[in-house]
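What follows is calculated from the coordinates using simple rules that are stated; it is not laboratory data. Computed from a prediction, not measured in an experiment: that's the story for all the values here. Neighbour counts run over all protein chains shown; Cβ positions are idealised from the backbone, glycine included.
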Amino acid sequence: MRILITGGAGFLGSHLTDRFLSEGHEVLVLDNLITGSLDNIAHHFGSPRFQFIKHDVTNYIHVPGPIDAVLHFASPASPKDFPEIPIQILKVNSLGAHNALGLALAKGARFLLASTSEVYGDPLVHPQPESYWGNVNPIGVRGVYDEAKRFAEAITMAYRRYHGLDTRIVRIFNTYGPRMRLDDGRVVPNFVGQALRGEPLTVYGDGSQTRSFCYVDDEVEGFYRLLMSDEPGPINIGNTVENTMLELAERVNRLTANPAGIIFQPLPKDDPKVRRPDITLARERLGWEPTISLEEGLTRTIDWCRKALATASAESA
Ligand code: UDP
């Protein structure tokens, strides 16, 4: 297949790129590099089955030749980005999604949208099945991401119903692993970066809020199976093991032997109190479930971050 991945230089997009290339497919990456990085895809430069095009997908996308699948993974995704680049987030998930859908339609390609557990907002149903419509504050700080992704789902379904486009929607729950930016702001890179610098971990609120963390290789396996299936979704892909942020902090401090402990900081506004996917659909339709434990995934992530920090300090020396 010839596959186009928007946001292919980002965290998830670059792991997807690796996966498709390793299966023998051809991959075109479109990325404007505002949160993505060439470091994530540099190992493919020179490969005849790989192409990188620096492009902001909120502008019209023109790509010569046939395309079999368009995967729309471009979007900043850290709560830290929400107040800093709100308009770009709204645009990439609305205008960008529209352009990516239009390209898929023009090429007769399959389309996969990277949606999010954020469509469930601060959920009143727990765990969250795909049938839950969510509890989102449209005018809050997270609204720029949550509502934009909800729009992206709506326009994807409109293309499916109105144009007959072959679409898929995946709702991605908290994912972590190598290539997350160390200054990304999300909890795993924050905690691991702080621990490796010997600083106290910044737990927001009282740390009783929960998330369910999926290692990136498991997550990408779910995306791959979804694209290759006939399942339109929306379908939750995420880990079902739920942890409080206090438990996560304690685990990271233990794995890194960080003696600096924990400090408490204010809880951001509208921070969801709980989150855990119901993955019955993914198990039944895709035969998918996560296989990598938090302990194993964190160990791999810590190793990667340790090397990334060493490289960064060697470069600045
Ligand atoms: N969090 C934290 N300390 C940090 C960063 C995040 O306690 O340094 C908390 C945050 O308040 C939230 C959870 O960790 O409850 C996950 O936050 P993240 O930004 O990773 O993503 P979210 O799931 O909220 O989109």
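Please check: in the Gaussian network model of the chain (C-alpha springs, under 10 Å), which one of Gly140, Gly287, Gly46 has the largest mean-square fluctuation.
Top of the fluctuation ranking is Gly46.
Taking springs between alpha-carbon atoms closer than 10 angstrom, which of Val29, Val70, Val125 fluctuates most in the Gaussian network model of the chain?
Val125
What ranking, highest mean first, results for peptides 264-271, 292-299, 48-55 when packing means the other Cβ atoms within 10 Å averaged over each residue?
Packing order, densest peptide first, comes out as 292-299, 48-55, 264-271.
Karplus couplings for segment 123-135 from phi (6.51 cos²θ - 1.76 cosθ + 1.60, θ = phi - 60°), rounded to Hz, Gly and Pro as x?
Those phi angles translate into x, 9, 10, 8, x, 9, x, 4, 6, 6, 8, x, 9 Hz.
Report the Cα centroid-to-centroid distance between segment 127-175 and segment 258-317 in angstrom, as an integer.
23
Pull out the extension gain between Asp230 and Val125, defined as 0.36 nm times the separation in residues minus the alpha carbon to alpha carbon distance; nm, one decimal.
35.0 nm
In a Gaussian network model over the chain where Cα atoms closer than 10 Å are linked, find which of Ala104, Ala260, Ala69 has the largest mean-square fluctuation.
Ala260
Mind ordering 30-42, 305-317 by average Cβ neighbours within 10 Å, highest first? Present the calculation step by step, with values, prior to reporting the outcome.
Working: 30-42: 19.2, 305-317: 11.3.
Per-residue mean Cβ counts within 10 Å order the peptides as 30-42, 305-317.
Among the GluC sites (Glu not before Pro) in segment 1-96, which ones are in a DSSP loop with at most 16 other Cβ atoms within 10 Å of the Cβ? Mind listing them?
Those satisfying the criteria are Glu23.
To the nearest 20 Debye, how big is the dipole of segment 1-131 about its Cα centre, given +1 on the beta carbon of each Lys and Arg and -1 on that of each Asp and Glu?
Values: 8 positive and 12 negative charges, 79 e Å.
That gives segment 1-131 a dipole magnitude of about 380 debye.
To check you understand DSSP bridge types, tell me what percent of the beta bridges within the chain (both residues inside) are antiparallel, rounded to 5. Don't skip to the end; give the middle numbers.
Values: 3 of 38 bridges.
In the chain, DSSP labels about 10 percent of beta bridges as antiparallel.
Could you give the length gained by full extension between Asn59 and Ile85, i.e. 0.36 nm per residue of separation minus their alpha carbon distance, to one decimal place?
Gain in length upon complete extension: 7.7 nm.
Given the DSSP H assignment, sum -39500 (n - 2.57) over each helix run of at least 4 residues in the chain and divide by its residue total; what's the result at 222 nm in deg cm²/dmol, nearest 500? All intermediate terms of the calculation are to be shown ahead of the outcome.
Numbers: 8 runs with 116 residues, N = 317.
The helix contribution divided over the chain gives -12000 deg cm²/dmol.
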